[in-house]
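Here the structure is laid out as structure tokens; the discussion comes afterwards.
The values are calculated or read from the model by the stated rules, or taken from the named source; none is laboratory data. Being a predicted model, the structure only gives us computed values, none of them experimental. Methodologically, a virtual Cβ is constructed for each residue, glycine included, from the backbone with ideal geometry; neighbour enumeration extends over all protein chains shown. Ligands, DNA and RNA are stripped out before the accessible areas are found, and what is left, the full protein with its side chains, is counted by its heavy atoms. Shrake-Rupley method; radii C 1.70, N 1.55, O 1.52, S 1.80 Å.
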Amino acid sequence: MIEALIGFAAIFILALMRVPLAFAMGLVGFGGIAFTRGLNPALASTAQVVYETGFAYTLSVIPLFILMGNFVARAGLAHELFQAAYAFIGHLRGGLAHATVAACAGFGAICGSSIATAATMSKVAYPSMRKLGYSASLSTGVMAAGGTLGIMIPPSTIMVIYGIITETNIGKLFAAGVIPGILTALMLMGGIAIITARDPEHAPPGERTSWPDRWKALRGIWGVVVLVIVVLGGIYGGFFTATEGAGFGAAGAFLFALARRRLTWAILYEVLVESARTTAMLFTLLIAATIFANFVNFTTMPNDLKEWITHLGLSPTMIIAAMMLIYVVLGTVMEELTMVLLTIPLFFPIVTSLGFDPVWFGVLIVMIVQIGLISPPVGMNLFVLNALLPGVGLNTIFRGCWPFVLVLVIMLCLLIAFPQISLWLPSLMK
């Protein structure tokens, strides 16, 4: 066990020295295997990981979903989603904020990235909210929290990574995220309602939209509906795998962007380069995390942790709750993907040994990442908004996010207490 602890300490030291995480995990993992097993086994293990990761068919789902999200963003669907949501609920107090959450949920269903969702909404929703007199804290808090829906409502890159690392069915993970994603969106809207009821100055009501204009706004989002039905409906219905669904989605998003005349040769080049860059980053992280996970598995740490937890005499649910508390604390000081990649090799064997469903635990992990994305001081969505909205200080964004952090923590507690919230839909899959 001592070797694994030294490995974790080495990664943190390298991170403090500003060594990229992928290099830190890869170097420590390779060095650890070489120290415990020998240089030749370390070279063989690393070569096998690189080869299997690079040629794994299931991993092709990552670049395809990334490509789909980039095409959708270029097609301008986020603006239509926001306009459609505002047409129906914009007249309520806080209606623009509610519409932003609804648009984030819709955009997340075809994007899969929290950062991309928050960044897109900062361009689409923020000018309208400020124009109507919404407070900067509420506006940024809503966009940051709503952006996290991009990784819960499938397709989700975090779910894909979790599924690959733990060998959990990605289609079932996607299905498990649907109901929690919808409930999270509704709870965020409930939080907005409470905030605006206590302090109406945060969000004045907007104008009511006529029914003809509402139906007209709905016509602008038919592309989103078609993509969601084809991709997610096909996966849930068992017509094709998650990888095939990602292929259909990427092709459909390309055709849709082409049909809307939003795709030039220059934009196509940018989309392909951006998708390749993001894919390369994720694959590098996956390779490094797998090398480090192999090192941890070679040590006695996983078994030692299981035995230690068993001797504590806690109920299985209390053990899960303790893990989630650790994650919440870590999420305030660590980047979320780093946290997941480092801890899954430790916690996942414990979860399965306790008899819990890995699909359910995957949804808990995604919810933890959502919380971390908007938790000061290192929440990634907070810094994305700060970079895109230079007139808004980090303190204002932090202040606007705290109520929504509480909402997400309550949702996490509900998922722990009632696993069927996430497991019911996967149980219906073929």
Counted residues, the range 112-148 - those being of a type outside the set (D, E, K, R) and open to solvent by 10 Å² or more (accessible area, probe 1.4 Å): 14
Count - residues of the range 145-183 that are closer than 24 Å to PHE383 by Cα, among the hydrophobic types (A, V, I, L, M, F, W, C) and at pLDDT 90 or above: 1
Hey, ALA15 open to solvent by 40 Å² or more (accessible area, probe 1.4 Å), within 30 Å of THR120 (Cβ to Cβ) and modelled with pLDDT under 80 or not: yes
Tally of residues being β-branched (Val, Ile, Thr) and within 15 Å of ILE291 (Cα to Cα) across the range 1-39: 4
Filtered residues of the range 221-278 (kept if open to solvent by 20 Å² or more (accessible area, probe 1.4 Å), among the polar types (S, T, N, Q) and modelled with pLDDT of 80 or more): THR264, THR278
Count of residues meeting criterion [under 20 Å from PHE107 (Cα atoms) and touching a Pro at 6+ places or on another chain (Cβ under 9 Å)] in the range 193-235: 3
Lone qualifier among ALA99, ALA84, ALA119 - being of a type outside the set (Asp, Glu), in contact (Cβ under 8 Å) with a residue 40 or more places away in the chain, assigned to a helix (DSSP H, G or I) and within 24 Å of THR396 (Cα to Cα): ALA119
Matching option when the condition is farther than 17 Å from LEU81 by Cβ, free of Cβ contacts under 8 Å to residues at least 60 places away in the same chain and either β-branched (Val, Ile, Thr) or open to solvent by 50 Å² or more (accessible area, probe 1.4 Å) (or both), among TRP215, TRP308: TRP308
Spans of helices (runs of 4 or more DSSP H) in the range 339-430 with at least 3 residues open to solvent by less than 10 Å² (accessible area, probe 1.4 Å): 358-373, 380-388, 394-417
Only one of TYR57, TYR51, TYR86 that is under 24 Å from the mean Cα position of the chain (by Cα) and at negative phi: TYR57
Residue in the range 90-111 that is surrounded by the fewest Cβ atoms within 10 Å (Cβ to Cβ), counting only those that are within 15 Å of GLY190 (Cβ to Cβ) and of a type in the set (Val, Ile, Thr): VAL101
Selected residue (only one of THR279, THR290, THR284, THR264 is farther than 16 Å from ILE164 by Cβ and of a type outside the set (Gly, Ala, Ser)): THR264
Search result, residues across the range 18-60 that are of a type in the set (Gly, Ala, Ser), part of a helix (DSSP H, G or I) and surrounded by fewer than 19 Cβ atoms within 10 Å (Cβ to Cβ): GLY31, ALA34, ALA44, ALA47, GLY54, SER60
